[in-house]
Amino acid sequence: MPNRANPKNKRLFMKKVQEFRDFQQKIGITFSNEKLLYQAFTHSSYVNEHRKKPYEDNERLEFLGDAVLELTISQYLYEMYPTMSEGDLTKLRAAIVCEPSLVSFANELSFGQLVLLGKGEELTGGRQRPALLADVFEAFIGALYLDQGLQVVVQFLEKIVFPKINEGAFSHVMDFKSKLQELIQRDGKGILEYRILEEKGPAHNREFVATVSLNGETLGTGTGRSKKEAEQHAAEQALQKLKPQAK
């Protein structure tokens, strides 16, 4: 944080303090040790320009946060998709914790505005740099874990990350329709048919209900914000029903 002992920096210091207070209010979490919160948003370039002051950058917190994200997301996927193979779970987790995804999570909460940067990094657009924002998100998760524990981290992810998984944001690595088709073809069981049963809600917030049937027998029903997403969820339910029989 800016040195408040210096009159020139007092206004900047108070502004940053208020920004971090507003941020905590926004996410509904109050840090017991605010130094951890400040550290999570402190870039190494800022530390390099304030070497005589007790600042610590966020790199160690980033290391910790990376591991915490892997654990919490792995557990969520393990419980959410009981029929998904180890290989597919790994692919899905990789899509969630990759840099572009972490940047989107960070931008959703305006992390870039809070970062403490050195002047050079500031001038070269550091606040918008993807790698920096991804690192800050991981560092924040590390700080949150140390300050509040694993359960609060999970509660935070339930608001920011898990809904996006449920909404199909990572469906490019969750192709349940293809997996269902492969299973049916392998066993020679018949022909799959998808139907959209219902469309409801206003145009800007549409919800679709789809079913998938095999030889006239309904195997799964799913809902989604698009027909494709609804069909994917129907196929997922069908896989859960069929896979025990396929073993």
Quick calc of log₁₀ I(q)/I(0), segment 69-143, Debye, one scatterer on every Cα, no solvent, q values 0.11, 0.16, 0.26, 0.27 1/Å, result -0.35, -0.63, -1.14, -1.19
For the chain, which whole-number percentage of the solvent-accessible area (1.4 Å probe, protein heavy atoms only) is attributable to carbon and sulfur atoms? 49 percent
Convert each backbone phi in segment 77-87 into a coupling constant with the Karplus relation 6.51 cos²θ - 1.76 cosθ + 1.60 (shift: θ = phi - 60°), then list the ³J(HN,Hα) values in order as whole Hz, x for Gly and Pro. 5, 4, 7, 6, 10, x, 9, 6, 6, 4, x
Distant-in-sequence amide H partners of residue 42 (H built 1.01 Å from N, under 5 Å): 58, 116
Non-local amide H neighbours of residue 220 (under 5 Å, H modeled in plane, Pro and chain starts lacking H): which ones? 212
Which three numbers, in whole Å and largest first, are the semi-axes of the equivalent ellipsoid of segment 8-135 derived from its Cα gyration tensor as √(5λ)? 32, 16, 13
So, for the chain, what is the accessible surface per residue at a probe of 1.4 Å, expressed in square angstrom? 55 Å²
I need the phi-derived Karplus couplings for segment 59-72: 6.51 cos²θ - 1.76 cosθ + 1.60, θ = phi - 60°, integer Hz, Gly and Pro marked x. 5, 5, 5, 4, 4, 5, x, 4, 5, 5, 4, 4, 5, 5
Viscosity 1.567 mPa s, temperature 4 °C: what is the translational diffusion coefficient of the chain from Stokes-Einstein with a Kirkwood Rh over Cα pairs, rounded to a whole number of µm²/s? 63 µm²/s
Above 22 Å lies some portion of the pair distances; for segment 98-191, what is it as a whole percent of all C-alpha pairs? 48 percent
The ³J(HN,Hα) series, computed from each phi in segment 139-156 with the Karplus coefficients 6.51, -1.76 and 1.60 at θ = phi - 60°, rounded to the nearest Hz and given as x for glycine or proline, is 5, 4, 4, x, 5, 4, 4, 5, 7, 10, x, 5, 4, 5, 4, 4, 4, 5
For the chain, modelled as a GNM with alpha-carbon contacts under 10 angstrom, which of 113, 25, 237 fluctuates the most? 25
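The values are calculated or read from the model by the stated rules, or taken from the named source; none is laboratory data. Given the structure is predicted, the values throughout are model-derived calculations rather than measurements. Areas reflect the complete protein model, heavy atoms only, side chains present, ligands, DNA and RNA absent. Shrake-Rupley method; radii C 1.70, N 1.55, O 1.52, S 1.80 Å.
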